[in-house]
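The values are calculated or read from the model by the stated rules, or taken from the named source; none is laboratory data. The model shown is predicted, which means the values in this text are computed figures rather than measured ones. Glycine gets a Cβ as well: all are built from the backbone with ideal geometry, and neighbour counts include every protein chain shown.
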There are 4 protein chains.
Amino acid sequence: MQWEPYLHKAQYYETDGMGIIHHSNYIRWFEEARVDFLAQIGMPFEQVEARGIVSPVIRVVCEYKTMARFGETVRIRVRVTGYTGAKLFLAYRVEDAATGALRCTGESSHCFLCGERPVSLRRAAPDYDAILRSLTLESGEEG
Amino acid sequence: MQWEPYLHKAQYYETDGMGIIHHSNYIRWFEEARVDFLAQIGMPFEQVEARGIVSPVIRVVCEYKTMARFGETVRIRVRVTGYTGAKLFLAYRVEDAATGALRCTGESSHCFLCGERPVSLRRAAPDYDAILRSLTLESGEEG
Amino acid sequence: MQWEPYLHKAQYYETDGMGIIHHSNYIRWFEEARVDFLAQIGMPFEQVEARGIVSPVIRVVCEYKTMARFGETVRIRVRVTGYTGAKLFLAYRVEDAATGALRCTGESSHCFLCGERPVSLRRAAPDYDAILRSLTLESGEEG
Amino acid sequence: MQWEPYLHKAQYYETDGMGIIHHSNYIRWFEEARVDFLAQIGMPFEQVEARGIVSPVIRVVCEYKTMARFGETVRIRVRVTGYTGAKLFLAYRVEDAATGALRCTGESSHCFLCGERPVSLRRAAPDYDAILRSLTLESGEEG
């Protein structure tokens, strides 16, 4: 199954003194794309939150390839690279939407908390568990 | 009485494509300086918050004079320009700490909420009311 | 003539500890909407910049009415409220796109620089001058 | 040799809707600490830049351990973990300055550009090369 990539237009306030997008903003773009992706797969943020579940970032990586500039629209693809019930692993690919030029790739890892307590979605939310499990299989097949 | 000015070192991630500090950051610097000022006058954020009071910004103004640059330390002075029990008015002056060159001036207006409900500090926090009242008199005399 | 309002989806990284959008972000949203508006009226940023002209913000005001929250899409309308050749005055209106609830109103003032030198668009860019002049008349008629 | 750790006070505008510091800000704090560290070792940003050299981030990693909150001061230690002439590898450790509680660890990788062209500091700046070489040895001995 193919999810819609997320589009972000690089803003002037995201530029830095080198005239390019400051590297910290890509971490924020990953979040934008992740929120969109989770909504697409049936786990919209408000709904997850309403069930008392949050999934903080426990690790993030970004590898910068070429520099995005103000005014450019980037296309961000998110996919599930791993899921254990207790942890979720996502990967990101950021490209210039016009040319396809690769801007950066990234990863984020997440745990799940209910209140302050770590939980497994297997018990806390079997429906979400099923969704993420199916996506992991899928991406395994792709690879 | 004279309060300690607040110092902020302009960061690289605060620059923009023009090679200067992006204008939106001064609004954030006002907040940094305000938090520091309120702590100095006896209204530290954590203490105010612990009593269930928040004071959201209801208006902000910034007049830009000259451009701060990366690496520069700015000195920010805050003073109370008005206080009515229900509303607080502050003014800001941002200078290059090294040369005294004026970077910008600004203002912020605040109301007070207890829960979601607007309150007057006269009733909700007579001690804070007394502090802000005394500072208003003082700044009136200065003017 | 009616310009397309600008849409911005409020991001999670734009929220603050009160669970609402941090007030400094509206200043950035004004910039997003301004860049879009200037492109619509025939003054796209890249083109203006390519002619060696920049128009820094010299004053910004924001009056906060109600609080935008994560996930909400806001609709931002920009209009020209004044223009003198040397200075441009814009006004902003930010509404919840779903309900029309007013989030905030704002203003920004701009000068024009060529290199580091203040210029009038009358001489520096008569075509832009004509555009802004016509919009000022228009908005006068509306009011 | 022991370098001064960098101190950063977590700001209100850095919090997010979970009431904690938004994870993207640590990437910015790494930059603050890096700028300070490079100045301490004899490579101040302005001086490096004046020689036409920039060192963009080509990779960044952050592992989040516990959550920093508004008002807390964090202490950030930076050290050189690798250096090849063409690339520099740094590691970061962010702790609550009051309790020593580990907030996160991180890494950044940098190349060196002169104009837009990748360079080795061995040729482009032998003095900087010597500094970074000596720090790599040192940290090797520590490990």
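The number of residues in segment A:61-90 that are within 14 Å of chain D (Cβ to nearest Cβ), under 15 Å from the mean Cα position of the chain (by Cα) and among the hydrophobic types (A, V, I, L, M, F, W, C) comes to 4. Residues in segment C:50-82 that are surrounded by fewer than 19 Cβ atoms within 10 Å (Cβ to Cβ), touching a Ser or Thr at 6+ places or on another chain (Cβ under 8 Å) and within 20 Å of C:W3 (Cβ to Cβ): C:R79, C:T81, C:G82.
Within segment C:1-17, the set of residues being touching a residue at least 40 places away in the same chain (Cβ under 8 Å) and surrounded by fewer than 21 Cβ atoms within 10 Å (Cβ to Cβ) comprises C:M1, C:W3, C:P5, C:L7, C:K9, C:A10, C:Q11, C:Y12. Filtering segment A:2-27 to residues that are farther than 16 Å from A:G106 by Cβ, more than 9 Å from chain B (Cβ to nearest Cβ) and not in a loop (DSSP other than H, G, I, E, B) leaves A:L7, A:K9. Just one residue in the set A:T105, A:T99 is part of a loop (DSSP other than H, G, I, E, B) and modelled with pLDDT of 95 or more; that residue is A:T99. Only a single criterion out of (1) under 30 Å from D:V54 (Cα atoms); (2) modelled with pLDDT of 95 or more is not satisfied by A:L38, namely (1). Could you say whether any residue in segment A:74-94 is of a type in the set (F, W, Y) and within 24 Å of A:G17 (Cα to Cα)? Checked against the condition, which is being of a type in the set (F, W, Y) and within 24 Å of A:G17 (Cα to Cα), segment A:74-94 yields no hits at all. Summed over segment A:1-31, the residues that are within 18 Å of C:F45 (Cα to Cα) and in contact with a helix residue (DSSP H, G or I) (Cβ under 7 Å, 6 or more places away or on another chain) give a count of 8. The residues in segment B:19-49 that are polar (S, T, N, Q) and crowded, with 17+ Cβ neighbours inside 10 Å can be counted, and the count is 2.
Filtering segment A:97-105 for residues that are within 14 Å of chain B (Cβ to nearest Cβ), out of contact with any His (no Cβ under 9 Å at 6 or more places or on another chain), surrounded by 16 or more Cβ atoms within 10 Å (Cβ to Cβ) and not β-branched (V, I, T) leaves an empty set. Tell me which residues, restricted to segment B:37-65, are at positive phi and in a strand (DSSP E or B). Scanning segment B:37-65 gives no hits. Applying a threshold of 6 Å to beta carbon distances and a minimum spacing of six or more residues, or different chains, the list of pairs starting in segment B:37-60 at a residue that is away from chain C (no Cβ under 12 Å) and ending at one that is in a helix (DSSP H, G or I) and at pLDDT 95 or above reads B:I41/B:I131; B:G42/B:I131; B:M43/B:Y128.
Of the residues B:E46, B:E107, B:E95, the single one that is farther than 24 Å from C:H110 by Cα and of a type in the set (D, E) is B:E46.
Test B:R75 against the criterion of being free of Cβ contacts under 8 Å to residues at least 24 places away in the same chain and of a type in the set (K, R), and give yes or no. No, not satisfied. Checking B:L137, B:L121, B:L113 one by one, the residue that is modelled with pLDDT under 95 and more than 24 Å from B:H8 (Cβ to Cβ) is B:L137 and no other.
Of all residues in segment D:83-120, those satisfying the criterion of being among the aliphatic types (A, V, I, L, M) and either in contact (Cβ under 8 Å) with a residue 60 or more places away in the chain or within 17 Å of D:D36 (Cβ to Cβ) (or both) are D:L88, D:L90, D:A91, D:V94, D:A97, D:L113, D:V119.
If the condition is being polar (S, T, N, Q) and in contact with a Leu (Cβ under 9 Å, 6 or more places away or on another chain), then segment C:21-68 contributes C:S55, C:T66.
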